[in-house]
1. List every residue pair whose Cβ atoms sit under 6 Å apart, with the two residues 6 or more apart in sequence or on different chains, where the first one lies in segment 134-162 and is free of Cβ contacts under 8 Å to residues at least 12 places away in the same chain and the second, anywhere, is open to solvent by 20 Å² or more (accessible area, probe 1.4 Å).
2. So which residues in segment 192-203 are open to solvent by less than 20 Å² (accessible area, probe 1.4 Å) and under 23 Å from GLY235 (Cα atoms), if there are any at all?
3. Residues of segment 89-133 being more than 23 Å from GLU197 (Cβ to Cβ), polar (S, T, N, Q) and either buried (at least 19 other Cβ atoms within 10 Å of the Cβ) or within 18 Å of the chain's Cα centre (by Cα) (or both), which ones?
4. From the list MET37, MET1, which one is part of a loop (DSSP other than H, G, I, E, B) and either modelled with pLDDT under 95 or away from the ligand (no atom under 13 Å from the Cβ) (or both)?
5. Does GLY188 count as part of a loop (DSSP other than H, G, I, E, B), at pLDDT 95 or above, open to solvent by less than 60 Å² (accessible area, probe 1.4 Å) and of a type outside the set (D, E, K, R)?
6. Picking from VAL74, VAL45, VAL53, VAL124, which residue would you name as being within 13 Å of the ligand (Cβ to nearest atom), in contact with a His (Cβ under 7 Å, 6 or more places away or on another chain) and touching a residue at least 12 places away in the same chain (Cβ under 8 Å)?
7. If you take the residues of segment 247-275 that are in a loop (DSSP other than H, G, I, E, B) and loosely packed, with under 15 Cβ neighbours inside 10 Å, which of them is modelled with the highest pLDDT?
8. Conditions first: (1) away from the ligand (no atom under 15 Å from the Cβ); (2) open to solvent by 30 Å² or more (accessible area, probe 1.4 Å); (3) closer than 19 Å to LEU276 by Cα. ASP14 passes all but one, so which condition is the exception?
Amino acid sequence: MPASQIDLVEMTPDHLEGALALSQQAQWPHRIEDWAMGLALSKGVAAIHHGRVLGTALATLYANDVATINMVIVDESMRGMGIGKRLMDAALEAVSGRECRLVATQDGLPLYQKLGFAETHRIVQHQGPMSSIPLSEGVEWANSSDVADCMSLDRAACGMDRRDLITYLANNGRLAVIRREGRVAGFGAIRHFGRGEVVGPVVAGDSADARSLLSFLMAGSEGQFLRVDTSEQSGLASWLTELGLSHVGGGIAMVRNGKPRETAAVQTFALASQALG
Ligand SMILES: CC(C)(COP(=O)(O)OP(=O)(O)OC[C@H]1O[C@@H](n2cnc3c(N)ncnc32)[C@H](O)[C@@H]1OP(=O)(O)O)[C@@H](O)C(=O)NCCC(=O)NCCS
């Protein structure tokens, strides 16, 4: 089929089943609920032929000047025909000049490099069945009045105003916080995803606090399949491996139109996901 017969349309919930088939073909773990979450937070574009979804891309626009591009997939039988490039052009148009971040697979790397994305750092993915872990002290479940503080900390750490994402996590997952002198000094989130649960984002002032938050969030998931995506420089990889969460792969964090940022007192120790940063 000539690639010219493939239309690009705005992605809607009607395309989610077709999108799910693509991510399953690529052996990604997303459930339809995970796709629905991504689409609810993003503008999506789908490549369609006779009603069949042959490709997808999501552009997640955060309230300030940053966006992520994610869920870029083309049906295996249709690769190498320029569909990925068309989807990326449409996603970049939606992003319209913002700083744009993504986490690339080896498959996506050549395409993103050609579009002006440059590597910033490496992401490592750890996962596995969770064994028992002692409940850490100094961490507690967040209450509704903590959500605004979690948004502020998240923004300071990653430079993106992800209030919609944090609201989603507060409503559909659970948030935990560390308090110091009556203020929220770090937070983490857990939610259902893929084969089990994912912990992230985890935002803290240092790796000791990050480990306390992760331990607290993971303690309730004994026997469950758990995933954590972290950066190579977070220093958490060997600790996660010791807990039984094996290193199974990762990705290449990239940026286009990156803006300089001030150094913050907190940093992101675990990603919400490779898609959302
Ligand atoms: C990445 C992906 C979306 C690319 O889709 P595609 O339709 O095959 O890409 P295109 O045909 O538009 O190719 C775009 C450009 O990248 C280049 N390219 C694509 N795949 C390449 C590869 N494996 N090696 C070298 N170059 C490659 C093409 O040559 C083309 O460059 P050109 O326009 O200068 O010729 C597709 O391979 C895919 O779905 N992979 C599995 C899911 C995945 O990993 N997605 C990326 C998530 S970050």
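1. none
2. VAL198, VAL199, GLY200, PRO201, VAL202, VAL203
3. Selection gives GLN106, THR120.
4. Values: MET37 fails: part of a loop (DSSP other than H, G, I, E, B).
That would be MET1, the only listed residue that is part of a loop (DSSP other than H, G, I, E, B) and either modelled with pLDDT under 95 or away from the ligand (no atom under 13 Å from the Cβ) (or both).
5. So GLY188 does not fit the description; no.
6. Working: VAL74 fails: in contact with a His (Cβ under 7 Å, 6 or more places away or on another chain); VAL45 fails: in contact with a His (Cβ under 7 Å, 6 or more places away or on another chain); VAL124 fails: within 13 Å of the ligand (Cβ to nearest atom).
Exactly one residue qualifies, and that residue is VAL53.
7. Restricting attention to segment 247-275, the residues satisfying the condition of being in a loop (DSSP other than H, G, I, E, B) are 257-266, 271-275.
Remaining after also requiring loosely packed, with under 15 Cβ neighbours inside 10 Å: 259-263, 265.
Numbers: LYS259: 91, PRO260: 88, ARG261: 87, GLU262: 87, THR263: 89, ALA265: 95.
Top of the filtered list is ALA265.
8. Going through (1) away from the ligand (no atom under 15 Å from the Cβ); (2) open to solvent by 30 Å² or more (accessible area, probe 1.4 Å); (3) closer than 19 Å to LEU276 by Cα one by one, ASP14 breaks only (3).
The values are calculated or read from the model by the stated rules, or taken from the named source; none is laboratory data. Quick caveat: nothing in here was measured; it's all calculated off a predicted structure. Please note: Cβ atoms are built from the backbone with ideal geometry, for glycine as well, and neighbour counts cover all protein chains shown. What goes into the accessible areas is simple: the full protein's heavy atoms, side chains included, and nothing from ligands, DNA or RNA. Shrake-Rupley method; radii C 1.70, N 1.55, O 1.52, S 1.80 Å.
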